[in-house]
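Visitor: A single structure is presented below for examination.
Quick note: the coordinates plus some simple rules give every number you see, no bench work behind them. All values derive from a computational prediction rather than experimental measurement. Here the Cβ positions follow ideal geometry from the backbone for every residue, glycine too, while neighbour counts run over all protein chains shown.
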There are 2 protein chains.
Amino acid sequence: MSTFQEIKTHEITTDVVIFTIKNNKLQVLLVKRANEPFKGRWAIPGGFIRLSENLDAAALRILKEKTNVDNIYLEQLYTFGDPLRYPGSRVITCAYFALIRSDDIKLSVDNSQGITEVQWHEVYNLPTLAYDHKEIIEYSIKRMRERLEFCPIAFQLLPEKFTLTELQKSYELILDMKLDKRNFRKKVLTGAILKELNEYTKVGSKRPARLYSFDNITLNSKRGHFFS
Amino acid sequence: MSTFQEIKTHEITTDVVIFTIKNNKLQVLLVKRANEPFKGRWAIPGGFIRLSENLDAAALRILKEKTNVDNIYLEQLYTFGDPLRYPGSRVITCAYFALIRSDDIKLSVDNSQGITEVQWHEVYNLPTLAYDHKEIIEYSIKRMRERLEFCPIAFQLLPEKFTLTELQKSYELILDMKLDKRNFRKKVLTGAILKELNEYTKVGSKRPARLYSFDNITLNSKRGHFFS
């Protein structure tokens, strides 16, 4: 194995963490590695960045090549630079993430990409992962939870119109904890982020529930509008 | 000048953006470059990361070497990877930032570090900078403003106890806009982030103003506490 005296250069990869809510669980998209190191292990889709490409473009390209997922907005998460994170080399990874509706995408595998499978996995019940990918996913969850407290990011995981129960469920899945229903409703209804619609869920065995959507005016917050 | 065919490897730097409020202005710490490229230009303090060091440690080391500033908490901001950002090479920079009280630090220059001066500059009145550093500073301001809407980050720029006028001034400096005093006070006083103290500013020519501090219980927000 190389020591640091032998490693001559930095290398850069990007890893792309994609979350969704599927089967009432928070899930993350993983690929199964065909080659060493960590052959047969699940990993976050990722790859080396080309010298001539921007980081954002690299993340989109690699996601598309490894999973066939494209047309989604990726946000840069964090750059991980522990010198020991990658066996035998100095590889820094710039991680990106996104929250999506799994119905919106179609997965497929390209074996020439060193991948044998691509699959959603429950975030709170992960298999052993390659590299420091468990740590990267944990960091993503932490970031998502922090932003949940202050920004209505849950909208990225929900359909355009949703009930308060569905909204609460998405928060509970991200936080991995049960919330008090009355307290939650009070907070989100006074938070000025929801638009109450004049529509209800279809009549079925349950009482119809009112539908809501996110208030775009609040979401596209201009500089300082909160205080003006 | 090298073309991309000639550039063989990635290189990684870190750049550290430090903001403060000084003389009633939002200011950023800059260094004057002794060497090419951009000799004589002001720049964000930065430098190359060593193969064996973690990114966070590199940022602290470089800040200390270039400016003598240490003992501050740096937060990773963003990794900039435009292939054309650094003349003649492929250099990706992982930027860090912090908001500090300028009284807390003592600047000094080490000429062996390729620096001739280190100085605070008004953020809204910058000289021409090296590389893409103007863009990096603009990104930092944008990030700071976004977080201001949702998190009480202004506390990092204020003394432990402050008046509502001082608090409003810090927001106005970060946002670069005047705010309505009554609306601002209403928002911050109902936002549950302030602790009203039983202390006032010293008696002088002005009417004494009540002092406040930030509510640590709210700041150290546990997971989901906002909803529980």
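Visitor: Just B:Thr93, B:Thr14, B:Thr116 to compare: in a GNM of chain B, with alpha carbon springs under 10 Å, which one fluctuates most?
Guide: Taking springs between Cα atoms under 10 Å, the residue moving most is B:Thr116.
Visitor: List the chymotrypsin sites (Phe, Trp or Tyr not before Pro) within region B:54-144 that DSSP assigns to loop and that have no more than 15 neighbouring Cβ atoms inside 10 Å. Write down the numbers at each step before the final one.
Guide: On the way: sites: B:Tyr73, B:Tyr78, B:Phe80, B:Tyr96, B:Phe97, B:Trp120, B:Tyr124, B:Tyr131, B:Tyr139; in loops: B:Tyr73, B:Tyr131.
Of the chymotrypsin sites (Phe, Trp or Tyr not before Pro), the ones in loops of region B:54-144 whose Cβ has at most 15 other Cβ atoms within 10 Å are B:Tyr73.
Visitor: With n ≥ 4 as the cut-off for DSSP H runs, can you work out [θ] at 222 nm for chain B, using -39500 (n - 2.57) per run divided by the number of residues, rounded to the nearest 500?
Guide: -7500 deg cm²/dmol
Visitor: A further question on this structure: With an 8 Å Cα cut-off and a minimum separation of 6 or more residues, compute the relative contact order for chain B in percent. Intermediate results must be reported in sequence, preceding the final value.
Guide: Details: 356 pairs, mean separation 45.1, N = 228.
Over chain B, the number comes to 20 percent.
Visitor: Once the Cα atoms of helix A:133-150 and of chain A are each reduced to a long axis, what angle between those two axes, in degrees from 0 to 90 to the nearest 10, is obtained?
Guide: The answer is roughly 30 degrees.
Visitor: Under 14 Å from the Cβ of B:Lys32, count the other residues' Cβ atoms, weight Lys and Arg +1, Asp and Glu -1, and hand me the total.
Guide: Working: positive: B:Arg33, B:Lys39, B:Arg41, B:Lys66; negative: B:Glu36, B:Asp110, B:Glu117.
With Lys, Arg at +1 and Asp, Glu at -1, the neighbours total +1.
Visitor: Right, something else. Can you list which of the trypsin sites (Lys or Arg not before Pro) found in region B:74-128 are DSSP loop residues with at most 11 other C-beta atoms within 10 Å?
Guide: Values: sites: B:Arg85, B:Arg90, B:Arg101, B:Lys106; in loops: B:Arg85, B:Arg101, B:Lys106.
When the trypsin sites (Lys or Arg not before Pro) of region B:74-128 are filtered for loop state and at most 11 Cβ neighbours within 10 Å, B:Lys106 remain.
Visitor: Would you compute, for the Cα atoms of chain A, the largest minus smallest coordinate along each principal axis and list the three values in descending order, in whole Å?
Guide: Principal-axis extents of the Cα atoms in chain A, largest first: 65, 45, 30 Å.
Visitor: Looking at chain A as a GNM with Cα springs under 10 Å, which of A:Arg143, A:Arg185, A:Arg207 has the largest mean-square fluctuation?
Guide: Comparing A:Arg143, A:Arg185, A:Arg207 in a Gaussian network model of chain A, the most mobile one is A:Arg207.
Visitor: Quick one: dipole size for region A:10-110, taken about the Cα centre, charges +1 on Lys/Arg Cβ and -1 on Asp/Glu Cβ, in debye to the nearest 20. Kindly include the intermediate steps, with their values, before the conclusion.
Guide: Numbers: 14 positive and 12 negative charges, 81 e Å.
So the dipole magnitude of region A:10-110 works out to roughly 400 debye.
Visitor: Another question, then. Work out the FRET efficiency for A:Asp104 and B:Arg185 from their Cβ-Cβ distance, taking R0 = 45 Å, and round it to the nearest 0.05.
Guide: Between A:Asp104 and B:Arg185 the formula returns 0.55.
Visitor: Could you give the size of the charge dipole of the protein assembly as shown about its Cα centre, using +1 on the Cβ of each K and R and -1 on the Cβ of each D and E, expressed in debye and rounded to the nearest 20? Spell out each step's value before the answer.
Guide: Values: 70 positive and 56 negative charges, 369 e Å.
Value, rounded to 20: 1780 debye.
Visitor: Sticking with this one: Compare the Cα positions of B:Phe48, B:Ser170, B:Gly114 along the charge dipole of the protein assembly as shown (+1 at Cβ of Lys, Arg; -1 at Cβ of Asp, Glu; about the Cα centre) and return the one farthest towards the positive end.
Guide: Farthest along the dipole direction, towards plus: B:Ser170.
Visitor: Which distance in nm do the two modelled labels at A:Asp70 and B:Thr165 give, with both placed 7 Å along the Cα-to-Cβ direction?
Guide: Label-label distance for A:Asp70 and B:Thr165, simple model: 5.9 nm.
Visitor: In a Gaussian network model over chain A where Cα atoms closer than 10 Å are linked, find which of A:Lys186, A:Lys134, A:Lys64 has the largest mean-square fluctuation.
Guide: A:Lys186
Visitor: A further question follows. May I ask you to list the GluC sites (Glu not before Pro) in region B:91-183 that are in a DSSP loop and have at most 16 other Cβ atoms within 10 Å of their Cβ?
Guide: Values: sites: B:Glu117, B:Glu122, B:Glu135, B:Glu138, B:Glu146, B:Glu149, B:Glu160, B:Glu166, B:Glu172; in loops: B:Glu160.
Filter output for region B:91-183: B:Glu160.
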